[in-house]
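For reference, the structure discussed in these notes is given below.
Readers should treat all values here as calculations from the given coordinates under stated rules, not as data from a laboratory. Since the model is a prediction, treat every value here as computed from it, not as a measurement. Every residue, glycine among them, receives a Cβ derived from its backbone with ideal geometry; neighbour counts consider all protein chains shown.
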Amino acid sequence: MRYHHLYADDAGESHWRDVAIELTERSFAPPAERIHVSEPEAASAVMFLKLQPGWNEPIHSTPRAQMLICLAGAAQVTASDGETRLIEKGDAWRMEDVGGKGHRTEVVSEVDFEALIVQYT
């Protein structure tokens, strides 16, 4: 498992990297069998969003550190360094470009882009 990580460097330039999710086998919900699960992260809010086909947003920074999980559709996201990623159904995207030059998002699917967002504390 992995997620797309968008972050800003010290100069404010946003960049992409892939981050592998480490899983450990443990008892998560006793008395259920042991499963492979990641370490928990504290969250402050959960919300859903929907963007219509063709939605095209100007360059902006994320308002806070958050994880987006795409449920339907596809969006093309461009970091300020020019690298583009396609975020589509099943992808997880961690946004941490809170300051700096930000990123641009455009819905490229013919269906709505639907997502779950988890905001970190």
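Summary of values
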read-out: Calculated Rg/Rh (Cα atoms, Kirkwood Rh) (choose from (1) 0.95; (2) 1.02; (3) 1.08), label; value: (2)
read-out: Sparse-neighbourhood loop sites, GluC sites (Glu not before Pro) in segment 1-100 - DSSP loop, at most 13 other Cβ within 10 angstrom; value: E22, E33, E41
read-out: Peptides 47-57, 98-108 ordered by average Cβ neighbours within 10 Å, highest first; value: 98-108, 47-57
read-out: Near-label residues of segment 70-96 by backbone N, under 18 Å of a point 7 Å along Cα→Cβ of H36; value: 91-92
